[in-house]
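Below: one structure, written as structure tokens.
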Amino acid sequence: MNDKPSSPLSGPTTRRKFIQHTATAAAAVATVNMFKTPVYGQTTAPSTGRVIGANDRIIMAFVGVGGQGTAHVKSMKDHAGENNIELVAVSDVSKQRIQDAQKVIGGDVKGYEDYRKLLERNDIDAICCATVDHWHTRVSVDAMNTGKHVYVEKPMTRYLGEAFEIYDTVKKTGKILQVGSQGCSDLKWHKAASLIQQGRIGPVVMSQGSYMRNAPKGEWNYNIQKWATADDINWNLWLGAQIKTRQSFDPDHYFRWRKYFPYCAGLLGDLFPHKLHPYMLATGNPQFPVRVASVGSRKVETDKNTPGTYMRDVAEIIQLIAEFPDGMVMHISSSTVNETGTQEMIRGHKATLTMQGNKVVLTPERSFAEEIEAAEFKDMDGKPFIGEPLHVHEKNWFDSIRANKQGNAGIDLAIKVQTVISLAEMSERTSMMCLFDEKTRKITDGSGRELTAPTYGTFERS
């Protein structure tokens, strides 16, 4: 397989191709508005689903039961009693994975190859979507339009237009959507938000964070299982109609999809959400970005150390910088070739907050030492900071459904985070800084020229 490696698009050639594409995109947008993509399979008015009271049992199903999907199956089963939920169905394009999930849950659990058959069931209240990224929107939108609440793994979706489709569907249906960035349920970020809202650090000016790994044989080069054959996996359904770069059945793409642009944005899609969600939550007033720039590289080429795989499309190192309307500048780094991180902190004009494991430390700036008192915090309203266990974030979603309110990673935060992610990918792949207008949802370059947001088919590898 190494005789036909894929390569990322970068540099001036990509920028020229992108500008040529956006210059001729008006006619295409007139036909299909990327922010209002038709819902697949929906021909009738959306179903509202039942109203779930405080003591009602929530009937759960799962779409996508690979590694992370199975983690949710196990976690929700382990905590089913305290959450008052029942697990009744699973869906996956792999027969093996359906069977494995059914065994974990036990009992009479129905399995479906096509998730749309699962959504036809009126007894299901909510679904957990842990599919490959390019299916997040289709599954989430279809689920909400059939009256179901949604827990969708991060990133919320693949492209920006899809993100606004999810946002608009949440607002239309009133369903509760939670994105699987469980750091948002780590209370230290809520404590930081409270301190910032109280004015304890003055105006927020900067924030910085990182998510670093070092994988000598290449991050995401997961083991390929023997059961993964064309007979077991519905490959065309896994790809979906949206993927334009069509690959014949390939277990490498199936297991290692996070390496390849058609299905994922790499670090920006996998690791950045774990930092962007909590950092933007911690500001106390999450905002859309006004401009975003990103740069990445793939010079170490760790995939050479894993025989039988392709060279990745996505970067091994990437850095993002974003500016927000209130003046805060955010810098986030991520890597798969060096695991030394930066100090996690939010800088204010008068003081700085550092996030240190299970505590938040407030340190005044020298010029404001007499006005601001140094402090250390280890709980939020008496509740200790316990990190980010998966079941805590899931419970927050169930509680939010019953209370009919947004969860810790609800849509109003998630749409802003996804905008940062999508603009960062656009910037890195085109070598441009991207400016965003939240009122019009338009993207422009530094000269004010309007750009069309990338989607399936925009780039050579999509």
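Structure above, values below:
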{"read-out": "Filtered residues of the stretch 298-321 (kept if of a type in the set (S, T, N, Q) and more than 16 Å from ILE332 (Cβ to Cβ))", "value": "THR302, ASN305, THR306, THR309"}
{"read-out": "Contacts under 8 angstrom Cβ, first residue in the stretch 442-462 being within 17 Å of GLN247 (Cα to Cα) and at pLDDT below 95, partner assigned to a loop (DSSP other than H, G, I, E, B) and aromatic (Phe, Trp, Tyr), 6 or more apart", "value": "PHE459/PHE261; ARG461/TYR260; ARG461/PHE261; SER462/PHE261; SER462/TYR456"}
{"read-out": "Residue selected from the stretch 150-187 under the condition of a type outside the set (A, V, I, L, M) and within 15 Å of GLY64 (Cβ to Cβ), by the criterion farthest from the chain's Cα centre (by Cα)", "value": "TYR151"}
{"read-out": "Which listed residue is in contact with a strand residue (DSSP E or B) (Cβ under 6 Å, 6 or more places away or on another chain) and surrounded by fewer than 19 Cβ atoms within 10 Å (Cβ to Cβ), from MET433, MET380", "value": "MET433"}
{"read-out": "Count of residues meeting criterion [in a loop (DSSP other than H, G, I, E, B), among the basic types (Lys, Arg) and at negative phi] in the stretch 422-462", "value": "3"}
{"read-out": "For ARG138: the one exception among (1) over 22 Å from GLY240 (Cα atoms); (2) surrounded by 21 or more Cβ atoms within 10 Å (Cβ to Cβ)", "value": "(1)"}
{"read-out": "Restricting the stretch 196-238 to residues that are assigned to a loop (DSSP other than H, G, I, E, B) and β-branched (Val, Ile, Thr), the residue that is nearest to HIS331 (Cα to Cα)", "value": "ILE201"}
{"read-out": "Qualifying position, being of a type in the set (Gly, Ala, Ser), surrounded by fewer than 18 Cβ atoms within 10 Å (Cβ to Cβ), more than 21 Å from the chain's Cα centre (by Cα) and within 24 Å of HIS393 (Cβ to Cβ), among GLY81, GLY67, GLY147, GLY107", "value": "GLY81"}
{"read-out": "Candidate set from the stretch 239-261 (those that are hydrophobic (A, V, I, L, M, F, W, C) and not in a loop (DSSP other than H, G, I, E, B)); member that is surrounded by the most Cβ atoms within 10 Å (Cβ to Cβ)", "value": "LEU239"}
{"read-out": "Among (1) in contact (Cβ under 8 Å) with a residue 40 or more places away in the chain; (2) part of a helix (DSSP H, G or I) - the single one PRO286 does not satisfy", "value": "(2)"}
{"read-out": "Flag if THR70 is among the hydroxyl-bearing types (Ser, Thr, Tyr), over 16 Å from HIS391 (Cα atoms) and either touching a residue at least 24 places away in the same chain (Cβ under 8 Å) or not in a helix (DSSP H, G or I) (or both)", "value": "no"}
{"read-out": "Odd one out for ASN408 among (1) more than 28 Å from TYR260 (Cβ to Cβ); (2) free of Cβ contacts under 8 Å to residues at least 60 places away in the same chain; (3) touching a Cys at 6+ places or on another chain (Cβ under 8 Å)", "value": "(2)"}
{"read-out": "Close pairs from the stretch 198-224: first surrounded by fewer than 17 Cβ atoms within 10 Å (Cβ to Cβ), partner assigned to a strand (DSSP E or B) and among the charged types (D, E, K, R), Cβ under 6 Å, at least 6 apart", "value": "VAL205/ARG347; MET206/ARG347"}
{"read-out": "Within the stretch 290-327, considering residues that are acidic (Asp, Glu) and in a loop (DSSP other than H, G, I, E, B), the one farthest from ASP270 (Cα to Cα)", "value": "ASP326"}
{"read-out": "All positions within the stretch 418-444 that are out of contact with any Ser or Thr (no Cβ under 7 Å at 6 or more places or on another chain) and over 24 Å from ARG298 (Cβ atoms)", "value": "THR419, ASP437, GLU438, LYS439, THR440, ARG441, LYS442, ILE443, THR444"}
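The values are calculated or read from the model by the stated rules, or taken from the named source; none is laboratory data. What you are looking at is a predicted structure, and each value in this text was computed from that prediction instead of being measured. For neighbour counting, all protein chains shown are included, and Cβ atoms are generated from backbone atoms with ideal geometry for every residue, glycine included.
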